[in-house]
Structure formats: structure tokens, C-alpha cells
Amino acid sequence: MKKIVVLLLVLVMGLSTLTACGKKSGGTKVGVSMPTKDLQRWNQDGDNMKAKLEEAGYTVDLQYASNDVPTQVSQIENMISSGCKVLVIASIEGDSLGTVLEQAKEKDIKVIAYDRLIMNSDAVTYYATFDNNMVGVKQGEYIESQLNLKSGAGPFNIELITGDPGDNNARFFFGGAMSVLQKYIDNGQLVVRSGQKDFDTVATQSWSTENAQNRFDAIIAAYYADGTQLDAVMASNDSTAMGVTNSLEANYASNHSNWPIITGQDCDKANVKNMLAGKQAMSIFKDTRDLAAKTVEMVDAIMQGKEAPVNDTKTYDNGKGVVPSYLCEPVFADVNNYKKLLIDSGYYKESDIQ
Ligand code: BGC
């Protein structure tokens, strides 16, 4: 009798805990693997994911891999062996996780590729990201409109810089931007004086600011040191844009009267400061809170054995098939709209960017 009462008590307590937080997740463990703490955005992504998953009642194992592939692999191995039921992974190198994700698949652990597609693995259930092609298109269109290219203006000098060749996103960003700009290069309205135009040449290992700066130091020295004006730089994101800006400050500002239009992506605080100081024209704003919310919806759907909401089932083929994706919408931020986008929305405090 006593045993039954105790059992009933435990059951009631269990039920009331469940209803108290109104969750179906019951402490299920989710692994969140982020590439690096070096870039502001991934810290935000990690924090958002952790907060939103915990709000939904999950237990979270959040790890950052210092941009080192073996570290990411071993962190994921630990997540698998320590009982995570779902893995949310922003890969360092899209191609390097196939083997470890085989282990996940064997244990029926579901994998969501977060922001960056995981390539050549059939263990990926969903992909949650921003529309990466659209990011590039918006950067290209910004330059197109600022330079009045549609009305035939030019010729203008432009240089190009994109991201890590192992990050599938970089190809989409670059491809999107070139889908707008290539025609103006072809007809001579845009001139790439360095001649560096193809993806592999303009890629930046690890998206590193330092690598970007080194490459631009060389470009400025060889093609612009004689006073030739550089009118625009299509930079795929903020860390590379920062390298360009640093290089221009050191090698260009003192003997040129203009400052080129520089694009970016992420609205990192340091880059928004540069935007306000007139050193970077725009940055694509990807509200990481939306991406985290979408990813949590995917985790919930997986745990309930339901289909997650997706809005793209054709674009992202990872080499083993198309991964059903949810693409959030990127927007551009510049000095004219940053207040509404970044401050009024609560993304930053005014003091973050002063
Ligand atoms: C992300 C960008 C980020 C870049 C460098 C890309 O995969 O989509 O937002 O700027 O990686 O971390």
C-alpha cells in the first residue's frame, strides 16, 4: 500500500512538473555545437539557442570549437556519448563531419545544420539558416544602387572579398553578389583592378580579419598606391570588411580623398560603429533571435515525431540529397535604418554601438 502511495506521489509530482513548465521536452538533452567564440555572432547564436532551448524545457550542452575541426568533432562525439537526442551544429568546415555524424545516425540522434550546411552526410535532418543567396544579392544591389549602375554610371573601381572556402555559405554569398555585379564587370562599368575575381582567389581562410587585411594591404600597394581611387569593396561579411577597413586606414586614407562603399554582414557591434563613423556603408542584418526560434521549433517537431516547418526544399543539396530548410530573411542595415532594426527591436542597446 505504502509503495503504491509513494508511486502515485512520484507520478503526480512528475506530471505537475511537466505541466508547471507546460513543456513536452522534459529535460531532453540537446547538443549545440558552435564554430568559434572569436566572432561576436556565434556567441550571440550560442546564447540565444541555449536560452530558447532552456525556456522550452531542454537541457543544453553548448560547446565552441575554436575554429578547429578536430575539436568540433570530439565535442560532437561527447554530445553523442553523453545522451544528446538532437544535435544543432554550425560547422567549421561543412565537409568534415561525415564520420562523426554516422555515429549519430546509428543512435538515431537527429541533426540540424545551423546557419551553415553540413555537406556529404545523410545524417542531416533539417537546415535552419538565412537565405544566403539573398544576402549576397542585397550586398550587390546596395553597390548597384549607391553607384547608380542601373543608369549606366561608371567606370568605377571595385575589389571583392568573400569568406572561407570550406563554408558552403561563402559560395552562396559570393554567387548572390555576383549575380548582380557580374554584368557591370562584363560591360566595363565596374573594373576590378587587381584582376582578382574568382571565388578561390577572393576567398578568406577562416573568415579571418587578419587574412583579409593582409590581402588588401597587397592590393592597395600594387593597384591603388598611386592615388587611383577605389570606389567599392564587396565584402561578404563583417570580419572581412573589418580587415578591408583596417587596411584602408593604414594604407589608403592618407593619400586619397574618398572612402569606398564597403558592404558587410552580421551587424557586429564594431562594424556598426564603423558604419556610424562612415567607414562601412552597410551590413546585412540577420536577426539571430529569429534563427534560434526557428531551430527550437525544429527541435520540438523532431522530439514530437512531427514534421518541422520548412520553406525551401530545393536549394540546399549537400551532396547526399536536398536537406529540407527553413530560410529566414536577411535585411540590410545602414545609417538610415539601423535605429529601427537594431535598437528599437532590442537587438542592441544604444551604448553597445557608441
Ligand atoms: C555566416 C556569417 C558569418 C560567417 C563568418 C557564415 O557562415 O553565415 O554570418 O559572418 O560565417 O563567421
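For region 186-213, the tally of residues that are among the polar types (S, T, N, Q), more than 19 Å from Ala270 (Cα to Cα) and in contact (Cβ under 8 Å) with a residue 24 or more places away in the chain stands at 5. Every condition in (1) surrounded by 24 or more Cβ atoms within 10 Å (Cβ to Cβ); (2) of a type in the set (S, T, N, Q); (3) more than 25 Å from Asp38 (Cβ to Cβ) is met by Ser179 except one, and the failing one is (1). Filtering Lys340, Lys294, Lys273, Lys279 for residues that are in a helix (DSSP H, G or I), touching a Phe, Trp or Tyr at 6+ places or on another chain (Cβ under 9 Å) and of a type outside the set (A, V, I, L, M, F, W, C) leaves a single hit, Lys294.
Leu53 fulfils the conditions (1) under 24 Å from Tyr316 (Cβ atoms); (2) hydrophobic (A, V, I, L, M, F, W, C); (3) not in a helix (DSSP H, G or I) except for a single criterion, (3). None of Phe174, Phe216 is assigned to a helix (DSSP H, G or I), at negative phi and within 15 Å of the ligand (Cβ to nearest atom) except Phe174. Of all residues in region 102-132, those being away from the ligand (no atom under 12 Å from the Cβ) and surrounded by fewer than 24 Cβ atoms within 10 Å (Cβ to Cβ) number 13.
Is it the case, given these coordinates, that Ser239 is assigned to a loop (DSSP other than H, G, I, E, B), polar (S, T, N, Q) and at pLDDT 95 or above? Reasoning before the result, please.
On the way: assigned to a loop (DSSP other than H, G, I, E, B): no; polar (S, T, N, Q): yes; at pLDDT 95 or above: yes.
Criteria not met by Ser239.
If you go through region 104-152 and keep only what is β-branched (Val, Ile, Thr) and either more than 20 Å from Asp186 (Cβ to Cβ) or free of Cβ contacts under 8 Å to residues at least 24 places away in the same chain (or both), you end up with Ile109, Val111, Ile112, Ile118, Val124, Thr125, Thr129, Val135. Any residue at all in region 306-323 that is surrounded by fewer than 18 Cβ atoms within 10 Å (Cβ to Cβ), of a type in the set (A, V, I, L, M) and within 17 Å of the chain's Cα centre (by Cα)? For region 306-323, residues surrounded by fewer than 18 Cβ atoms within 10 Å (Cβ to Cβ), of a type in the set (A, V, I, L, M) and within 17 Å of the chain's Cα centre (by Cα): absent. Looking across region 251-285, the residues that are closer than 17 Å to Ile161 by Cα, of a type in the set (Gly, Ala, Ser) and out of contact with any Cys (no Cβ under 9 Å at 6 or more places or on another chain) come down to Gly264, Ala281.
Restricting attention to region 219-229, the residues that are surrounded by 15 or more Cβ atoms within 10 Å (Cβ to Cβ) and either more than 27 Å from the chain's Cα centre (by Cα) or part of a loop (DSSP other than H, G, I, E, B) (or both) total 3. Looking only at region 18-46, residues that are among the charged types (D, E, K, R), more than 15 Å from the ligand (Cβ to nearest atom) and modelled with pLDDT of 95 or more come to 1 in all. Out of the residues in region 52-66 that are touching a strand residue (DSSP E or B) at 6+ places or on another chain (Cβ under 9 Å) and free of Cβ contacts under 8 Å to residues at least 60 places away in the same chain, which is surrounded by the most Cβ atoms within 10 Å (Cβ to Cβ)? Residue satisfying both the conditions and the ranking: Ala65.
Mind listing just one residue for me: the one in region 187-213 that is surrounded by 14 or more Cβ atoms within 10 Å (Cβ to Cβ) and away from the ligand (no atom under 16 Å from the Cβ) and, of those, farthest from Arg171 (Cα to Cα)? For region 187-213, the residue satisfying everything is Gln189. For region 186-200, the criterion of being under 30 Å from Glu297 (Cα atoms) and of a type in the set (Ser, Thr, Tyr) is satisfied by no residue at all.
Restricting Val310, Val299 to those that are away from the ligand (no atom under 16 Å from the Cβ), assigned to a loop (DSSP other than H, G, I, E, B) and at pLDDT 95 or above reduces the list to Val310.
The values are calculated or read from the model by the stated rules, or taken from the named source; none is laboratory data. All values derive from a computational prediction rather than experimental measurement. Heads up, the Cβs are rebuilt from the backbone with ideal geometry, glycines too, and the neighbour counts pull from every protein chain shown.
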